[in-house]
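Heads up, the thing below is written out as structure tokens.
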Amino acid sequence: MQNKTSIKVWSERWRLGALERPELIQIGLVSAVIGLIFVMFHMMGNTVENVGSRSAFEWMFSRWRDTLSFGADYSHGYFIPFVSLGILWFKRKEIFSVEKKVDARGLAVVVLALAIHWLGAKMQQTRLSLMSLVLLSWGIPFYLFGWQLAKKLIFPCTYLVFCIPLNFMDVIAFPLRIFSTVLATGMLNGIGIAAVRSGTAIYSAVAGGFEFDVADPCSGLRSLLAMTALTAVYAYFTQRTIVRQWLLFMASIPLAVAGNISRIVTVAIVAEAFGGKVALGLYHDYSGYILFTASITMMVLIGGLLNLKFSEVAKKWKSALLHHT
């Protein structure tokens, strides 16, 4: 059935109990699918880490709550599903207005997703199972309602990947610490503050000066993950083309790294000026918010530049120059 009904009319028909049989069948089918997915991933997640159950969801939540390892860097995961739901709500008129029909290509996606989940359970790799859940969240609507709807769901479904704690992100934490301390030490020496690096620790070259270690939580991984997640949404809504969206998204990586390096440098500057207690206490605790705000500001500025129509800007400058002369 081609559903061109507006949300308002559909809601009124739901309230009055006037939905047609095909619509009721669709609602029942979707509800059953959601229930089966919950059972599959909650009761058969087959997690290798001890979280007290076989639930893939429990394992994921435990990583979000983890404050003893790199898992603390995934605390933003709580917000990701709500952002995806918000995008769906924002796009609801477009989603309801598209032509809907069964598409067999979506069934191939569903089969692939189920195979990935089976492989993840067999290997006890919960991340694979969660990846398959993301793919299912897109493949099932693709199969039941067709490609026109699936196109609208590509970004909100893909965005759910930010929920999944990924091993390779843990691996880059230490190299990121080294990279940040190397550049920060060079910048400090460049502005006249003599500093020496030893591993991930930075020391003042002057006796009795500052000294601090760039620990795991200060590696920049947390701000990198948060910045990329935020920029992905911002780029999706503000950039006119996919190329511009990807350019802005990729720009978030150096912005996050630069923000973290700036934080390390300013901690050293404050320590030099006011002592280590102030620098590693009050300033250290709140400087991250200031520099993250600066990174967001730079993101908005870069997004604005990418959206400029340079041909029109050139015409305006040319017109202004001719008028001036």
*asked:* Exactly one of these conditions fails for residue 109: (1) touching a Phe, Trp or Tyr at 6+ places or on another chain (Cβ under 9 Å); (2) loosely packed, with under 15 Cβ neighbours inside 10 Å; (3) under 23 Å from residue 42 (Cα atoms). Give me its number.
replied: (2)
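Matching residues to (1) assigned to a helix (DSSP H, G or I); (2) of a type in the set (Ser, Thr, Tyr); (3) modelled with pLDDT under 80:
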residue	(1), (2), (3)
36	yes, no, yes
41	yes, no, no
47	no, yes, yes
59	yes, no, no
74	yes, yes, yes
*So is residue 300 assigned by TED's automatic domain parsing to the domain that holds residue 240, crowded, with 18+ Cβ neighbours inside 10 Å and over 18 Å from residue 176 (Cα atoms) or not?*
no
*Search result, residues across the range 123-133 that are surrounded by fewer than 20 Cβ atoms within 10 Å (Cβ to Cβ) and without any contact (Cβ under 8 Å) to a residue 40 or more places away in the chain*: 123, 128, 131
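Check every one of the helices (runs of 4 or more DSSP H) wholly within the range 143-217 and list those with 1 or more residues that are more than 31 Å from the chain's Cα centre (by Cα), buried (at least 19 other Cβ atoms within 10 Å of the Cβ) and not assigned by TED's automatic domain parsing to the domain that holds residue 133. Give the steps one after another, and end with the answer.
Values: elements: 147-158, 167-171, 173-190.
The helices (runs of 4 or more DSSP H) meeting that bar are 173-190.
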*asked:* Report every pair of residues separated by at least 6 positions or lying on different chains whose Cβ atoms are under 8 Å apart, first residue within the range 238-261 and closer than 21 Å to residue 90 by Cα, second aromatic (Phe, Trp, Tyr).
replied: 245/236
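Any idea which of 290, 264 is under 24 Å from residue 76 (Cβ atoms), assigned to a helix (DSSP H, G or I) and touching a strand residue (DSSP E or B) at 6+ places or on another chain (Cβ under 8 Å)? I'd like the intermediate steps shown before the answer.
Details: 290 fails: touching a strand residue (DSSP E or B) at 6+ places or on another chain (Cβ under 8 Å).
Just one listed residue meets the conditions, 264.
Out of 91, 101, report the one residue that is of a type in the set (D, E, K, R), surrounded by fewer than 20 Cβ atoms within 10 Å (Cβ to Cβ) and more than 30 Å from residue 222 (Cβ to Cβ).
Working: 91 fails: more than 30 Å from residue 222 (Cβ to Cβ).
Exactly one residue qualifies, and that residue is 101.
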*Before we move on, is residue 87 part of a helix (DSSP H, G or I) and at pLDDT 85 or above?*
yes
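Yes/no per residue for (1) surrounded by 16 or more Cβ atoms within 10 Å (Cβ to Cβ); (2) in contact with a His (Cβ under 7 Å, 6 or more places away or on another chain); (3) under 22 Å from residue 190 (Cα atoms):
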position: 250; (1), (2), (3): no, no, no
position: 255; (1), (2), (3): yes, no, yes
position: 258; (1), (2), (3): yes, no, yes
position: 261; (1), (2), (3): yes, no, yes
position: 264; (1), (2), (3): yes, no, yes
position: 293; (1), (2), (3): no, no, no
position: 296; (1), (2), (3): yes, no, no
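So that you can scan it fast, the table gives a plain yes or no per residue for (1) in contact with a Leu (Cβ under 9 Å, 6 or more places away or on another chain); (2) under 25 Å from residue 82 (Cα atoms):
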site: 142; (1), (2): yes, yes
site: 150; (1), (2): no, yes
site: 162; (1), (2): yes, yes
site: 192; (1), (2): no, no
site: 201; (1), (2): no, no
site: 205; (1), (2): no, no
*In this structure, is residue 101 assigned to a helix (DSSP H, G or I) and among the basic types (Lys, Arg)?*
no
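The values are calculated or read from the model by the stated rules, or taken from the named source; none is laboratory data. These figures come from a predicted structure and were not determined experimentally. Note that we place each Cβ from the backbone using ideal geometry, even for glycine, and neighbour counts take in every protein chain shown.
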